[in-house]
1. Quick one: which of ILE76, ILE85 is free of Cβ contacts under 8 Å to residues at least 60 places away in the same chain, open to solvent by less than 50 Å² (accessible area, probe 1.4 Å) and not in a helix (DSSP H, G or I)?
2. Search the stretch 16-29 for residues that are within 15 Å of GLY43 (Cβ to Cβ) and pair each with any residue that is part of a helix (DSSP H, G or I) and open to solvent by 90 Å² or more (accessible area, probe 1.4 Å) when their beta-carbon atoms are under 8 Å apart and the residues are at least 6 apart or on different chains.
3. Of the residues ILE65, ILE100, ILE107, which is modelled with pLDDT under 95, under 24 Å from LYS23 (Cα atoms) and among the aliphatic types (A, V, I, L, M)?
4. Residue under question is GLY50, and the condition is that it be at positive phi, of a type in the set (Gly, Ala, Ser) and in contact with a Leu (Cβ under 9 Å, 6 or more places away or on another chain); does it hold?
5. Mind checking which residues of the stretch 14-46 are surrounded by 13 or more Cβ atoms within 10 Å (Cβ to Cβ) and hydroxyl-bearing (Ser, Thr, Tyr)?
6. Conditions first: (1) in contact (Cβ under 8 Å) with a residue 24 or more places away in the chain; (2) closer than 25 Å to ILE25 by Cβ; (3) open to solvent by 80 Å² or more (accessible area, probe 1.4 Å); (4) basic (Lys, Arg). ARG99 passes all but one, so which condition is the exception?
7. Looking at the stretch 106-146, which of its residues are over 15 Å from ASP74 (Cβ atoms) and touching a Gly at 6+ places or on another chain (Cβ under 9 Å)?
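The values are calculated or read from the model by the stated rules, or taken from the named source; none is laboratory data. Since this is a predicted model, take the numbers as computed values, not measurements. Positions of Cβ are backbone-derived with ideal geometry, glycine not excepted, and every protein chain shown enters the neighbour counts. Protein only, heavy atoms only, side chains kept; ligands, DNA and RNA dropped before computing areas. Shrake-Rupley method; radii C 1.70, N 1.55, O 1.52, S 1.80 Å.
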Amino acid sequence: MGLKNKMQIKDFSKTSNKEFWLKKISESDWSAGKFLYEILRDGSFYDLCGEKSKVFLLTEGNDLISFCTYAELDDIPDADLTPWIGFVYTFPSFRGKRRIGKLLEYIYLCAKKDGYKNLYVSTNQKGLYENFGFKFFQEMKDIHNEMSLVYKMDIENKDYSDII
């Protein structure tokens, strides 16, 4: 009998096999995932997202299940709003089982530990982030001058169990 793989959350910047995981990110079927791959590959990720930003990977063995960023900056040019969850993606074969919730939960804990009062996400998806404890904040123009839905999680008054 083989050992059963367990899901793990990895900080991309601390992985020893970055090229392997970078290739996995590039295999996403989403344009923003391809863009994340490009800015990680060419080294502009920290310029665009902030020097303390991170990319987290949800893995099981050599499978990349989901990825997302915990970033100082996002596509909404309001510097007062930080930190952001961005580039949220789950590969199609792993969808429908709330696995992305594991990454969102982890980032919530990071933001709480880092002393932030709120956590933000910019999206065009209605009804997704509410399932993980976010509330609609407002519509805002992004860096491309397009309207985006901004959701906010109140970290100070949020019960951790609400997002699990």
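1. On the way: ILE76 fails: free of Cβ contacts under 8 Å to residues at least 60 places away in the same chain.
Unique residue meeting the criteria: ILE85.
2. That search, which allows pairs on different chains as well, returns LEU22/ARG41.
3. Details: ILE65 fails: modelled with pLDDT under 95; ILE107 fails: modelled with pLDDT under 95.
Sole residue among the options that is modelled with pLDDT under 95, under 24 Å from LYS23 (Cα atoms) and among the aliphatic types (A, V, I, L, M): ILE100.
4. Numbers: at positive phi: yes; of a type in the set (Gly, Ala, Ser): yes; in contact with a Leu (Cβ under 9 Å, 6 or more places away or on another chain): yes.
For GLY50, the condition - at positive phi, of a type in the set (Gly, Ala, Ser) and in contact with a Leu (Cβ under 9 Å, 6 or more places away or on another chain) - is met.
5. Answer for the stretch 14-46, where residues must be surrounded by 13 or more Cβ atoms within 10 Å (Cβ to Cβ) and hydroxyl-bearing (Ser, Thr, Tyr): THR15, SER26, SER28, TYR37, TYR46.
6. With respect to (1) in contact (Cβ under 8 Å) with a residue 24 or more places away in the chain; (2) closer than 25 Å to ILE25 by Cβ; (3) open to solvent by 80 Å² or more (accessible area, probe 1.4 Å); (4) basic (Lys, Arg), ARG99 is out only on (3).
7. Within the stretch 106-146, TYR108, ASN131, PHE132 qualify.
The rows are residues; the columns are (1) in contact (Cβ under 8 Å) with a residue 40 or more places away in the chain; (2) buried (at least 16 other Cβ atoms within 10 Å of the Cβ).
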| site | (1), (2) |
| --- | --- |
| GLY115 | no, no |
| LEU119 | no, yes |
| ASP142 | yes, no |
| ASN145 | no, no |
